[in-house]
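Since every read-out is calculated from the coordinates, none of them should be taken as a lab result. Nothing here was measured: the structure is a model prediction, and the numbers come from that model. For neighbour counting, all protein chains shown are included, and Cβ atoms are generated from backbone atoms with ideal geometry for every residue, glycine included.
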């Protein structure tokens, strides 16, 4: 599961992890087949250094690809010839692609092997490609030409005919609906859900013709949607609702150094400047208090902010988590560069003293963590070890009368009051009893499954983050539950075996996946397990989950086994007021072909009589 709201503002640095170019103007090419090297303009490719990994310097362009090939087709083709690409990005209606490799040897091997090769009647052409230009450096050249270089970002904005103060600019970035009346916000989101359900109706009609009569019968009553849509559930609180915020540490929009806040724009748009959250409406007062105290602390240290442009400096990010129980967790991300362990130890000691006994004592922080971030290719944030500097190891939150322990990397819905509304709807729609078994997929700290456990026979949770699984197990004990178990791993690896081992006729799956949706292997396992009759899908990005919805409902085939599902009802819950995001809940039920055929026969008999 993921936080989908716009306050999740951690942006990638320059394309050091092999991001393919998304604009052709950023790339120039040398002629063929691997002879010669690419000459770079160092003023806009400054992020490329010998001691930093980036697959951008091992990039090629493959031209004249066959029509209608996709990402997987090209990946399999290259693998068939012993090539292991790092990144692939298709362009021009998939007629050419940028492909990066992990080293020069692999890149040169690809050039020599693939150039001139035939694939589906097409003769492939391979050229070396320059890396993507650093957007910050490119913007600096533009500013220099326009006479804006050296001015604070807010002044540069004025030079671009933007006269709003930074507080308004940042509100427009992280809470784009802040000046829209709440009833209108809800109406907009409900219209977005209608569009999703109307599109799904069309997709089902084209991928499962057996459902067309059923769709046709309901469409007139449902405004061309695939199922009835209930009224959107508003958030109980529309401001100061976030219990987790990720703040960047950078230069302020006013030019002031060591500022903690939200980024004014995206790195790829050429911006590193941040604006503090003091006037942002969805951040809690408790979180703002922590930010204020932490900003004072880092300004008292000799260490600079980290520059994603130059890969220099130290302070990177501050994550703040708060709870109804008045606990606060602060997690600071710091790049040690070449500092000695003694220097890092002194810094952590001064941090502990500042927030335990010094000026920061009244900040409200009850749990303080320090995370080292290295210069080389970064792992997932969840893989970075957190070092407890001061206070408790966890914070605790209360939800639906239950208590939940939360670790630094564990997922927990960012709107606690909204989560109670969401989980109540899920519990109502699940139609559970004491014989039911609930599969809680992408369960995080176990909130959904634990909230339903007393009403069912058993709950089985699956979650990728080890910290979250440990929290979930503790949370089951904290709430006196013995009928709950949790498994750590990828849902696509664990779910099929767990599901096939269950023979109960009363199995209900509740899935709350990341914004990209469930892995196709999970969907295929759901389709195969025909004893699974009901599925509740919680989508934080309904458009991204569309392929999951389609695969749940499409006709059986060589790839998709088992009777399809059909959407029965849908509802939106506004978990992210002041933004364009929301959660959508859909109930799917397995199609009973026998009953459906009997109904169709009855209708045909009535129409012919």
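Quick rundown of the values:
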{"read-out": "Potential extension, residue 362-residue 502 segment - 0.36 nm per residue separation minus Cα distance", "value": "45.2 nm"}
{"read-out": "Peptide ranges 389-402, 522-535 listed from the most packed, as the mean C-beta count within 10 angstrom indicates", "value": "522-535, 389-402"}
{"read-out": "Antiparallel DSSP beta bridges within the stretch 399-596, percent to nearest 5", "value": "45 percent"}
{"read-out": "Antiparallel bridge percentage (DSSP; both residues within the stretch 243-401; nearest 5)", "value": "75 percent"}
{"read-out": "The stretch 396-455: relative contact order as a whole-number percent, Cα under 8 Å and 6+ apart", "value": "35 percent"}
{"read-out": "For 314, 561, 94, order by how many other beta-carbon atoms lie within 10 Å, fewest first", "value": "561, 94, 314"}
{"read-out": "Sequence-separation-based contact order of the stretch 399-596, relative, with Cα cut under 8 Å and 6+ spacing, percent", "value": "18 percent"}
{"read-out": "Alpha carbon centroid spacing (whole Å) that separates the stretch 340-374 from the stretch 552-567", "value": "54 Å"}
{"read-out": "Ascending count of other beta-carbon atoms within 10 Å, so fewest first, for 104, 583", "value": "104, 583"}
{"read-out": "Protection proxy ranking of 544-557, 106-119, 507-520 - average other beta-carbon atoms within 10 Å, highest first", "value": "507-520, 544-557, 106-119"}
{"read-out": "Order of 445, 237, 416 - criterion: other Cβ atoms within 10 Å of each residue's Cβ, fewest first", "value": "237, 416, 445"}
{"read-out": "Contour excess over end-to-end distance, with Cα ends at residue 95 and residue 254 and 0.36 nm allotted per residue", "value": "52.7 nm"}
{"read-out": "Distance from the stretch 174-239 to the stretch 442-478 (C-alpha centre basis), Å", "value": "30 Å"}
{"read-out": "Estimated inter-spin distance, residue 108 and residue 338, nm [label 7 Å along Cα→Cβ]", "value": "3.0 nm"}
